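Contents: one structure, followed by commentary.
Taken together, the values in this text are just the output of simple stated rules run on the coordinates, not laboratory data. These numbers come from a predicted model, not from an experiment. Cβ sites come from the backbone with ideal geometry, for glycine too, and all protein chains shown count toward neighbours.
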Amino acid sequence: MAVRDPYEVLGVKKEATEDEIRTAYRKLAKKHHPDLNPGNKEAEARFKEIAAAYDLLSDKDKRARFDRGEIDASGAERPEHAYSRYRGFAEGAPGERYEFHSAEGMAPEDLDDLFAFFGRGQRGGGPGRGGGPVRMRGADLHFALTVDFLTAINGAKQRLQLAPERSLEVTIPAGVRDGQILRLKGQGGAGLNEGPPGDALIEIHVAPHPFFRREGDDVHLDLPVTLAEAVLGGKVTVPTPTGPVSMTIPANSNTGRVLRLKGKGAPRPDGGHGDEYVALRVMLPEGDDAALAAFLRDWAPKHPYDPRRGMSS
Amino acid sequence: MMMSFEAVIRLVGGLQETELRHWIAERWVLPESGAEGYVFAEVDVARVQLIHELRYELAIDEEAMPVVLQLLDQVYTLRRRLRVTLEAIDAQPPEIRAAIRARCGAEE
């Protein structure tokens with residue numbers, strides 16, 4: 001695309017003052033801002049041009065160099081400007097956080113039908129349309145709460161900031177899963193005309209742990225072991241979500257061997273527990289070890305083996 | 001990619017802490033609450049940047065901001081729903097799609 005003269009793009013004269021340029025930019029930007037024009041490709045292209053022109057002309061140095069003909073208007077395009085980024089999220093699932101009904105507790109009448117159609121409407125079309133004061137249940141407010149990995153397994157109380165001056169203590173049930181929603185009755189928006197308050201719906205996000213992974217109710221862990229522990233076996237201490245436990249490694253345990261610690265996973269709703277699966281990873285000692293090297297040089301394996309025999313192509 | 005309150009302040013040049021707190025209090029931005037304070041998802045960070053730009057580059061004042069945001073939220077909510085509806089129509093047998101098309105055309 002040919003790059004147009006930035007003065008022309010903003011519709012200002014060569015001798016325009018900084019104020020005039022800013023005013024012209026604002027006027028055009030308000031009209032063509034991509035986040036304010038979702039789905040309009042033309043606005044996006046136009047806005048890029050406007051922003052690039054403004055970037056050039058609002059920078060005294062660049063503008064002077066452009067006026068002297070030292071640089072042209074190309075290459076001034078904003079690389080990945082934040083404009084139009086919001087739209088990308090708002091159009092998809094992440095935008096649901098800013099779903100219109102949640103903040104204000106009421107939707108315009110014509111939206112009601114749509115909401116009902118989507119199975120979220122609480123008013124099936126009956127009350128609310130006629131005159132007179134209508135008691136209306138308050139809106140459900142949606143929140144999200146990030147809890148750390150161990151809290152999700154063991155449970156805890158955690159404070160949820162609803163607004164800077166309003167917080168709530170939330171009991172995180174042990175074993176809660178990522179994406180689970182907790183409903184706190186009556187903690188949502190106030191009702192209309194003495195209608196009951198709505199609920200607070202809290203979506204739980206579980207933060208990852210540096211070494212535990214969760215799969216369903218089971219917990220997985222990679223456990224580094226020394227060469228001696230792998231060959232000779234022995235007792236080692238293994239972290240679990242409820243604290244370290246002692247585990248016996250059988251002799252001749254290779255990397256990848258998985259041992260199960262029964263009942264050391266996350267609590268289940270039925271009162272049971274998942275298991276912890278411990279995958280061994282044999283680690284050589286750090287740095288040179290002359291004795292080890294000498295031993296291996298002289299060592300003739302009793303069962304010679306080729307660990308790559310399955311890989312010949 | 002989640003970001004802390006401080007990281008958002010560092011990212012958005014010229015944004016003051018008190019201002020971001022005010023936006024949260026007004027519920028213009030809805031970050032999550034973690035054990036160590038607010039946690040901003042990408043959509044929240046983009047929204048902070050948008051509000052900051054609306055406020056300072058486009059000079060939309062404090063009074064007008066809620067109106068702008070509310071309208072934006074309505075537009076995006078409707079667009080998300082419209083997309084779901086269109087996907088649902090797409091999944092219908094051809095004769096139903098044709099009937100819907102005819103009906104929509106007739107109303108134009």
1/(1 + (r/R0)^6) with r = Cβ-Cβ of A:Leu232 and A:Arg183, R0 = 51 Å, i.e. FRET efficiency to nearest 0.05, evaluates to 0.45
For the stretch A:244-286, shape from the Cα gyration tensor axes a ≥ b ≥ c, cut at a/c of 1.5 then a/b versus b/c, turns out prolate
Here the FRET efficiency for A:Ala64 versus A:Thr171, based on Cβ atoms and R0 = 51 Å and rounded to 0.05, is 0.20
Counting other chain Cβ atoms within 10 Å of each Cβ in B:65-75 and taking the mean gives 4
Residues whose built amide H sits under 5 Å from the amide H of A:Gly233, excluding neighbours closer than 5 in sequence, are A:Asn252, A:Ser253
By Cβ neighbour count within 10 Å, fewest first, A:Met311, A:Met247 rank A:Met311, A:Met247
Zone reached by a paramagnetic label modelled 7 Å from B:Ala35 Cα along Cα→Cβ, restricted to the stretch A:168-202 with backbone N below 19 Å, covers A:168-180
Over chain B, the sum of -39500 (n - 2.57) across DSSP H runs of at least four, divided by residue number and rounded to 500 deg cm²/dmol, gives at 222 nm -20000 deg cm²/dmol
Listed residues B:Leu30, B:Leu78, B:Leu50; largest mean-square fluctuation, Gaussian network over chain B with Cα springs below 10 Å, found at B:Leu78
Taking B:Asp44, A:Asp59, A:Asp270 and counting other beta carbon atoms within 10 angstrom, the fewest-first order is A:Asp270, A:Asp59, B:Asp44
Low-density loop GluC sites (Glu not before Pro), the stretch B:1-55, at most 11 other Cβ within 10 Å, DSSP non-H/G/I/E/B, are B:Glu36
Residue-ordered couplings for the stretch B:60-70, obtained by feeding phi - 60° into the Karplus form 6.51 cos²θ - 1.76 cosθ + 1.60 and rounding to whole Hz (Gly and Pro as x), are 8, 7, 3, 5, 7, 3, x, 5, 4, 5, 5
Contact order relative to length for chain B, counting C-alpha pairs under 8 Å separated by 6 or more residues, stands in percent at 21
Between the modelled labels at B:Ala88 and B:Glu19 (7 Å from Cα along Cα→Cβ) the distance in nm is 4.2
